[in-house]
Amino acid sequence: MAKDLVRTRHSITKFYALKSQLQGVSLRMQTLKSTQAMGDAMRGVTRAMKSMNTQLNLPSLNNILKEFEKQNEKMDMTTEVMGDAIDDAFAGEDEEEETEELVNAVLDELGCNVGEELIDAPAVKISAPLEQERVKATAVLEGSVGGETPSAPSAGGASAIDDDLQARLDKLRGN
């Protein structure tokens, strides 16, 4: 009985080894079957690609793509022109004011204080020399006609414009 027990244990071990070898062979067979199926699929794809290459006229396709690009650019330009025309047709003062409010709101969020920068701006108009030349020319014309010379514009007018702009900005900000 002891010999039979030892033989049985050895037989069980051999059967386990045989079973693992059979499983290995089975896996190899499945791998070979998958490889063969992949080869067949690649053969079919190669045939399909070969037939497509014979049917495909590359210069013709290139000409079609160039024509498509030209027409697409024309359409983009037409769309842009029409969009600008529609925007111009429907643009109103309300949109300009809304745009200005939106820009001011964004600048406020970014920390750009336009109103404070306006206070620091010089009170003299940039076009003051042009204005003075216009006033002098008018004075010469009126002086030759009426004999009087008008007074030059005061610098207080520029300050009033700055005050008006500051008041409008404060109103937009809700201060």
Please verify whether ASN104 is in a helix (DSSP H, G or I) and in contact (Cβ under 8 Å) with a residue 24 or more places away in the chain, treating the condition exactly as stated. yes
I'd like to check something: does the range 113-135 contain any residue that is at pLDDT below 85, within 30 Å of GLY174 (Cβ to Cβ) and touching a Ser or Thr at 6+ places or on another chain (Cβ under 8 Å)? yes
Looking at the range 65-72, can you tell me whether even one residue there is on the phi < 0 side of the Ramachandran plot, polar (S, T, N, Q) and assigned by TED's automatic domain parsing to the domain that holds ARG168? no
Does the range 35-45 contain at least one residue that is assigned by TED's automatic domain parsing to the domain that holds ARG168 and among the β-branched types (Val, Ile, Thr)? no
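The values are calculated or read from the model by the stated rules, or taken from the named source; none is laboratory data. It should be emphasised that the depicted structure is a prediction, and the values quoted were computed from it without experimental measurement. FYI the Cβ positions are ideal-geometry reconstructions off the backbone, even for glycines, and counts take in every protein chain you see.
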